[in-house]
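Enquirer: Dumping the structure here so I can ask a few things about it.
The values are calculated or read from the model by the stated rules, or taken from the named source; none is laboratory data. No experiment lies behind these values; they were computed from the predicted model shown. So basically every Cβ, Gly included, is an ideal-geometry build from the backbone, and we count neighbours across all protein chains shown. Heavy atoms of the whole protein, side chains included, go into the accessibility calculation; ligands, DNA and RNA do not. Shrake-Rupley method; radii C 1.70, N 1.55, O 1.52, S 1.80 Å.
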Amino acid sequence: MITAERMAAVDENAAALGVPRKQLMESSGNAVARAVRGAADPGAAVALVCGRGNNGGDAFVAARFLDDYDVTVHLLGRPETIGTDIARENWGALTAADFDTRVVSDSRDLALDDPDVVVDALLGTGVTGALRQPERAAAEAINGTAATVVAVDVPSGVDADTGEAAGVAVDADRVVTFHDAKPGLDALDAAVTVADIGIPEAAELFTGPGDRRLLSRPADTHKGDFGEVLVVGGGPYTGAPALAAQAAMRTGADLVRVACPRAVADGVQGFEEGLILRPFDGDRLRIDHLDHVHELAATHDAVVLGPGLGDHEATLAAVRDFLADFDGRAVVDADALGVVPDADTDATLLCTPHGGELRGMGGPSADDWRDRLDAVADFAADLGHTLLVKGAYDVIADGERARVNRTGNPGMTVGGTGDVLAGAAGALLATQDPVDAGALAAYANGLAGDRVVDRQGYGLLASDLLPELPRTLWGGADE
């Protein structure tokens, strides 16, 4: 099954793979026409009631495949307000071919007469909440007929994820949904057909621009709504926690604090004025610092644990004890990864090893990404945590879901790019589930590296990725 939000992302990813929405609409419309043929014989009267989005566009296409039926197409609203180019083109194709098209500028004027079949193409899976006018009146008109009702993707007014309706909804007899079943359709008293419209498996498996749909910045949000991140790192290394913290800020976290040894605090602060330092005494993390770190972690949405901590025995013991008493969300990176397999923790962990670190955790080794995908998924299930295994093809898996990321390039073998990835993952883990956070972080980090290399060639610095992160996550189409 697939949620409405995820379906929209898959549509966009398919387009990025070279399967345009126009082609998918043609397949969707053909599937709707097949459903109509299954509901009535040729010559039957079919009324298609269409909104101004792509759901209506699917019905415009369906009308062209129903030449041997008595078809009327009712557009709810003015043609110039059709919301997408491809839906507008398909409406134009109907009018140019002299189909019986009727513009309904006032829903009170919607006259369905006495059709044998009504196609509900008012609203698709992306619309939730109670129907407003004119769609509510149109839904009531559809329900008032004795016709067989075929809904496109989901009955208008029904939440595709829950099957619930907040008010008036179309009472469909049949539903034609696309690519995969939607969770809420099981709750309906309707026959549901899942139509294959040609979306390749890669659109779900591989990360792409559609995954950015998970992110939003509503105008009425406040500081803290997008997460506060704590980076616990530093000691032997200063740059690693600074890179991770800056990446968390660039990825969209509202506040980023760094818990690091006082010996390196001035160096970390020198990288970015906006970082908030909460140092502890000494030159490396030890068990006697954990009260301080736990107090900080409890007030943050996500922790990034590991960048620059080193592998001193006392530090790894502190990491182990921290995880044992922590039940929040954390990205675990670098030397801290070695502690995870034996850690008894209630925390939600997103672990970000490269291949060597994964083997150090007891994980698999596989050269081909397809083999690695299956092996990493199995290891993640055994581990009980989400893995983001870095490589030419990054693999993100939790034992149930798996994604693959193909952005990035050989120039990113330079030191520090993993710290940037860990920080980006921490910011995303503050608001997203671990697989989505890992997939988005890998996509954005790799795409940032691709853009730097496209611009200046190899020889990039990890810090070169930082100004690109906001563009890869929040900017426009991929360049």
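Enquirer: When region 317-376 is examined, which residues are found to be among the aliphatic types (A, V, I, L, M), in a loop (DSSP other than H, G, I, E, B) and within 17 Å of ARG403 (Cα to Cα)?
Expert: Within region 317-376, ALA366 is the sole residue that qualifies.
Enquirer: If you don't mind, there's one more thing I want to ask. Restricted to region 333-355, and to residues that are open to solvent by 10 Å² or more (accessible area, probe 1.4 Å) and among the polar types (S, T, N, Q), which residue is nearest to the chain's Cα centre (by Cα)?
Expert: THR348
Enquirer: While we're looking at this one, here's another question. Which one is most open to solvent (accessible area, probe 1.4 Å) among residues in region 265-281 that are out of contact with any Pro (no Cβ under 8 Å at 6 or more places or on another chain) and of a type outside the set (D, E, K, R)?
Expert: Result: PHE271.
Enquirer: State the number of residues belonging to region 428-461 that are aliphatic (A, V, I, L, M) and within 18 Å of GLY239 (Cα to Cα).
Expert: Qualifying residue count for the region: 2.
Enquirer: Kindly check whether there is at least one residue in region 381-395 that is buried (at least 24 other Cβ atoms within 10 Å of the Cβ), polar (S, T, N, Q) and within 23 Å of ASP301 (Cβ to Cβ).
Expert: Looking through region 381-395, at least one residue is buried (at least 24 other Cβ atoms within 10 Å of the Cβ), polar (S, T, N, Q) and within 23 Å of ASP301 (Cβ to Cβ).
Enquirer: From ASP98, ASP70, ASP109, grab the single residue that is among the acidic types (Asp, Glu) and either under 27 Å from the mean Cα position of the chain (by Cα) or within 18 Å of ASN143 (Cα to Cα) (or both).
Expert: ASP109
Enquirer: Report the residue count in region 282-316 for those that are touching an Asp or Glu at 6+ places or on another chain (Cβ under 8 Å) and surrounded by fewer than 17 Cβ atoms within 10 Å (Cβ to Cβ).
Expert: Going through region 282-316 one residue at a time, the tally reaches 4.
Enquirer: Restrict the check to region 222-234 and report whether at least one residue is under 30 Å from THR3 (Cβ atoms), among the small types (Gly, Ala, Ser), modelled with pLDDT under 95 and open to solvent by less than 40 Å² (accessible area, probe 1.4 Å).
Expert: Yes; the residues of region 222-234 include at least one that is under 30 Å from THR3 (Cβ atoms), among the small types (Gly, Ala, Ser), modelled with pLDDT under 95 and open to solvent by less than 40 Å² (accessible area, probe 1.4 Å).
Enquirer: List the helices (runs of 4 or more DSSP H) inside region 407-479, counting only whole elements, that have at least 1 residues being touching a strand residue (DSSP E or B) at 6+ places or on another chain (Cβ under 6 Å), more than 13 Å from LEU350 (Cα to Cα) and open to solvent by less than 10 Å² (accessible area, probe 1.4 Å).
Expert: Fully inside region 407-479 and qualifying: 434-456.
Enquirer: On to the next question. What tally of residues in region 53-75 results from selecting those that are free of Cβ contacts under 8 Å to residues at least 60 places away in the same chain, open to solvent by 10 Å² or more (accessible area, probe 1.4 Å) and assigned to a helix (DSSP H, G or I)?
Expert: Residues in region 53-75 being free of Cβ contacts under 8 Å to residues at least 60 places away in the same chain, open to solvent by 10 Å² or more (accessible area, probe 1.4 Å) and assigned to a helix (DSSP H, G or I): 1 in total.
Enquirer: Looking at this structure, is ALA203 open to solvent by 10 Å² or more (accessible area, probe 1.4 Å) and either modelled with pLDDT under 95 or aliphatic (A, V, I, L, M) (or both)?
Expert: no
Enquirer: Name the single residue that is farthest from the chain's Cα centre (by Cα) among those in region 114-139 being surrounded by fewer than 23 Cβ atoms within 10 Å (Cβ to Cβ) and among the hydrophobic types (A, V, I, L, M, F, W, C).
Expert: Per the stated criteria, the residue is ALA137.
Enquirer: Moving to a separate point now. On the basis of being under 30 Å from ALA427 (Cβ atoms) and among the aliphatic types (A, V, I, L, M), does ALA137 make the cut?
Expert: no
Enquirer: May I ask you to say which residue of ALA35, ALA45 is surrounded by fewer than 24 Cβ atoms within 10 Å (Cβ to Cβ), hydrophobic (A, V, I, L, M, F, W, C) and more than 24 Å from GLY198 (Cα to Cα)?
Expert: ALA45
Enquirer: Here's a follow-up. Can you tell me which residues in region 140-157 are part of a strand (DSSP E or B) and either open to solvent by 10 Å² or more (accessible area, probe 1.4 Å) or touching a Pro at 6+ places or on another chain (Cβ under 7 Å) (or both)?
Expert: Answer for region 140-157, where residues must be part of a strand (DSSP E or B) and either open to solvent by 10 Å² or more (accessible area, probe 1.4 Å) or touching a Pro at 6+ places or on another chain (Cβ under 7 Å) (or both): just THR148.
Enquirer: Suppose we filter region 286-305 for residues that are under 16 Å from ARG257 (Cα atoms) and not in a helix (DSSP H, G or I); how many remain?
Expert: Here the count works out to 8.
Enquirer: Could you list all residues from region 235-259 that are part of a loop (DSSP other than H, G, I, E, B) and of a type in the set (Gly, Ala, Ser)?
Expert: Passing the criteria: GLY235, GLY252, ALA253.
Enquirer: Among the residues of region 172-185, which ones are surrounded by fewer than 24 Cβ atoms within 10 Å (Cβ to Cβ) and small (Gly, Ala, Ser)?
Expert: ALA181, GLY184
Enquirer: With respect to THR417, is the statement that it is touching a Phe, Trp or Tyr at 6+ places or on another chain (Cβ under 7 Å) and closer than 25 Å to VAL268 by Cβ true?
Expert: no
Enquirer: Find all pairs meeting these conditions: Cβ atoms under 8 angstrom apart; at least six residues apart or on different chains; first residue within region 82-107 and polar (S, T, N, Q); second residue open to solvent by 60 Å² or more (accessible area, probe 1.4 Å) and outside any helix (DSSP H, G or I).
Expert: Going by the 8 Å Cβ cut-off, the qualifying pairs are SER105/ARG78; SER107/GLN133.
Enquirer: To continue, here is another question. Would you mind finding the one in ALA111, ALA169 that is surrounded by fewer than 18 Cβ atoms within 10 Å (Cβ to Cβ), without any contact (Cβ under 8 Å) to a residue 40 or more places away in the chain and in a loop (DSSP other than H, G, I, E, B)?
Expert: Answer to the check: ALA111.
Enquirer: In addition: Anything in region 399-419 that is in contact with a Gly (Cβ under 6 Å, 6 or more places away or on another chain) and hydrophobic (A, V, I, L, M, F, W, C)? List them, or say none.
Expert: MET412, the sole residue that qualifies.
Enquirer: Here is a follow-up. Looking for whichever is modelled with pLDDT under 95 and either within 18 Å of THR145 (Cα to Cα) or in contact with a helix residue (DSSP H, G or I) (Cβ under 8 Å, 6 or more places away or on another chain) (or both) here; the options are ASP58, ASP120, ASP113, ASP70. Which one fits?
Expert: Checking each option against the conditions leaves just ASP113.
Enquirer: Across region 302-348, what is the number of residues that are within 21 Å of ALA441 (Cβ to Cβ) and out of contact with any helix residue (DSSP H, G or I) (no Cβ under 8 Å at 6 or more places or on another chain)?
Expert: Result for region 302-348: 0.
Enquirer: Then there's this: Quick one: in region 206-221, which of the residues that are surrounded by fewer than 20 Cβ atoms within 10 Å (Cβ to Cβ) and not basic (Lys, Arg) is modelled with the lowest pLDDT?
Expert: ASP220
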